[in-house]
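For reference, the structure discussed in these notes is given below.
Bear in mind these aren't lab numbers, they're just calculated from the coordinates by the rules spelled out. Here the structure is a predicted model, which is why all the values come from computation and not from measurement. Please note: Cβ atoms are built from the backbone with ideal geometry, for glycine as well, and neighbour counts cover all protein chains shown.
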Amino acid sequence: MAEKGRGKKSSRTKEKETNWQERVIQIRRVSKVVKGGKKLSFRAIVVVGNERGQVGVGVGKASDVIGAVRKGVADGKKHLVEVPLTKANSIPHPINGKGGGAKVIMRPAAPGTGVIAGGAVRTVLELAGVRNILAKQLGSNNPLNNARATVNALETLRTFNEVAEDRGIPLENIFG
């Protein structure tokens, strides 16, 4: 029994070691009309990432801002995606993503370019660990949909090794 308890403790410390960063994209006051009048609450959109290829977007609602942010962080950790990064801290190939009415176009960039993106897209890419990228958001200015479109694009990325394995050919033939 004592051994089980020790094992759980170490898994918690491992989670802390991977130092997650949280950034709040938007806090919005929302209201619901109920029998007695209007009930006010807060909605927080939070991006969680470790800057080493893992990122997630979460939404939390609560009657206070701190509770909403805490719920958003928990939701973001539930919806983490792995991002394959190149040696230049960029993405392996150009990609498009969709989320609601938002579309995001992303292209890899040379070292030293930096993160050229706006709004929620920039936040998601920075917390994913991408350092050199060109991105453009189209269709919508909604921060939640743009963040989700970015995550959608990042999760559909594939490395050259994965493509070669799927096709059953050596890696050298892909570049030829």
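The C-alpha atoms of the chain define a longest principal axis, and helix 119-128 lies at about 60 degrees to it. Placing unit charges on each Cβ (+1 for Lys and Arg, -1 for Asp and Glu) gives the chain a dipole about its Cα centre, and among G76, G99, F42 the Cα reaching farthest toward its positive end belongs to F42. Whole-Hz Karplus values for region 159-174 come out as 7, 5, 4, 4, 5, 4, 5, 4, 7, x, 10, x, 4, 4, 5, 5 Hz, taken residue by residue from phi with 6.51 cos²θ - 1.76 cosθ + 1.60 and θ = phi - 60°; glycine and proline positions read x. Between the helical axis of 143-155 and the longest alpha-carbon principal axis of the chain there is an angle of about 30 degrees.
In this structure, D64 and S140 have a Cβ-Cβ separation that, at R0 = 30 Å, corresponds to a calculated FRET efficiency of about 0.60.
Annotation: extensible slack from I116 through I169 equals 15.6 nm (criterion: 0.36 nm per residue apart, minus Cα-Cα distance). For the chain, a simple Cβ point-charge model (Lys and Arg +1, Asp and Glu -1, everything else neutral) yields a dipole of about 1180 debye relative to the Cα centre. In degrees from 0 to 90, rounded to the nearest 10, what is the angle of the helix 2-17 Cα long axis to the longest principal axis of the chain? That helix lies at roughly 80 degrees to the long axis. Placing +1 on each Lys and Arg Cβ and -1 on each Asp and Glu Cβ, with no other charges, gives region 49-110 a dipole about its Cα centre of roughly 100 debye.
Relative to the current alpha-carbon distance between K87 and N50, full extension at 0.36 nm per residue lengthens the span by 11.6 nm.
Size estimate for the chain follows the Kirkwood approach: the inverse of mean 1/r over distinct Cα pairs works out to 17.9 Å.
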